[in-house]
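The values are calculated or read from the model by the stated rules, or taken from the named source; none is laboratory data. Only a predicted model underlies this, so the values are computations on that prediction, with no experimental measurement involved. Glycine also receives a Cβ, built like all others from the backbone with ideal geometry; neighbour counts cover every protein chain displayed.
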Amino acid sequence: MVLSSQSIRSDGRRMMSSDGRRIRRRGWKLFALLGLVVVFGWLGWRFFGPHSEVPASEIRVVDTTEKVDTSIGNSLAEIPVATIEADSATPKMAPKATKTVIGETNANQNVIGDPKPNANQKQNVNGAQQSTQQPAQQIATATNQQPSTSEEIASANSALQDALTLADTDPVAARDTLTRLLDGSATTTADRLRAYEAINKLNAVLTFSERVLANDPYAKQYTVKEGDSLSNIRKAQHLDCEWRFLQRINHLSTERSIRIGQVLKTPTGSFHGEVRKSEFRLNIFEGDGPDRVMVASYPISLGEFNSTPTGAFAIRPRSKLIDPEWRNPRTGQHFQSNDPANPIGERWIGLKGIEPHNKDFEGYGIHGTTDIGSIGKQASMGCVRMLPQDVEVVYELLTEPNSIVTIAP
């Protein structure tokens, strides 16, 4: 049979059309499979990938009508988004930093940024231990502790009893004794808790009241002059604390609640922090070297899977933030300023590693929490969580560039 040219062309078109449909079907299947891989990969990274806790890109500060300390606001604050493995000590480099804009003063708000009236604010003062030596010395003090003998434990217990007795007659000496006691490793867990409680009670007067004892080297008096404000006094006297701390310890309702001739209490030393991971405590010290004294100790929450890094950290420049917005890096959920559900609370203090092994850890900080039940547990994404009233005090004490925070095992 002889096929005409028209028949051959028709059969050819049918064959090419059938092959083309098979090729297109295979192409769409491969494209759909690739799309599913991309989607599931993105979802896995979003919800299970490593992230650190950092504030969002826009911050608003609640402040007083007075001109406030420029270290708190009126500038740009850069918060790098560091990605840290939750169960690993190996950091990843932080992506490009976002800029955080500090907002304007709100004359109707409380001086400390708490939506509650000032009179209802808690001044929860705890006491424990931290080191204000050089970073390497701080870590050695906190970590190089040997098991104690029964004689050492007995001696430490005797020293504790002496300090408790001395508290009534010479609280300054008692605070010094308790500080040295808590620096050591000979105390039992029960004795350490008693010492913490005792030193907190002492500092309720020595540090957090307007009283100045004659033999206390860490407190002095200042007489208010015409034109003074708390922020101006802080600058003129070169005080290493926020002016809000002066308001707190002198029990002033606002920054303007001072008068000419009024005598105010002011601190004399720099404040430093020490995190004791094994005790879930953040301890604050005033002063440096062997003469430093413990002024506060607070219960904290730490990173899940032991992810909170160790070593010496400085306060990251321009990273102290009031009432920050925040975006959860795992879920993408965004929390506005003044949102009572904001998981990081109303204070953020950024930390920057200053040792070779932690210098890339820039996404960590100290902040508040709405999850009160997480205190005393490993529950955060690596940051140090604190109770709201406690982190307010720490915010007022730690300053940049002089404060060092040491995180010990």
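A few remarks follow.
- The criterion of being crowded, with 16+ Cβ neighbours inside 10 Å and basic (K, R) does not hold for K377.
Yes/no per residue for (1) among the charged types (D, E, K, R); (2) touching a Cys at 6+ places or on another chain (Cβ under 7 Å):
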site	(1), (2)
S297	no, no
A312	no, no
R318	yes, no
R327	yes, no
R330	yes, no
H367	no, yes
C383	no, no
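- Screening the range 240-299 for strands (runs of 3 or more DSSP E) wholly inside it with 2 or more residues that are among the aliphatic types (A, V, I, L, M) and at pLDDT 95 or above returns the ranges 263-267, 281-286.
- For the range 279-295, the criterion of being small (G, A, S) and under 30 Å from A174 (Cα atoms) is met by at least one residue.
- Hits in the range 354-386 - residues which are within 11 Å of the chain's Cα centre (by Cα) and not in a strand (DSSP E or B): G363, Y364, G368, T369, G382, C383
- Checking each residue in the range 177-214 for being over 24 Å from the mean Cα position of the chain (by Cα) and of a type in the set (A, V, I, L, M) picks out L178, L181, A186, A190, A195, A198, L202, V205, L206, V212, L213, A214.
- With respect to the conditions (1) at pLDDT 95 or above; (2) within 26 Å of D176 (Cα to Cα), I315 falls short on a single one, namely (2).
- In the set (1) assigned by TED's automatic domain parsing to the domain that holds G376; (2) more than 22 Å from the chain's Cα centre (by Cα); (3) buried (at least 20 other Cβ atoms within 10 Å of the Cβ), R281 fails one condition alone, (2).
- Single residue of the range 164-194 satisfying the filter (among the polar types (S, T, N, Q) and touching a residue at least 24 places away in the same chain (Cβ under 8 Å)) that is surrounded by the most Cβ atoms within 10 Å (Cβ to Cβ): T179
- Test for T308: is it crowded, with 21+ Cβ neighbours inside 10 Å, assigned to a loop (DSSP other than H, G, I, E, B) and among the β-branched types (V, I, T): yes
- Any chance K235 is touching a residue at least 12 places away in the same chain (Cβ under 8 Å), of a type in the set (D, E, K, R), assigned by TED's automatic domain parsing to the domain that holds R318 and assigned to a helix (DSSP H, G or I): no
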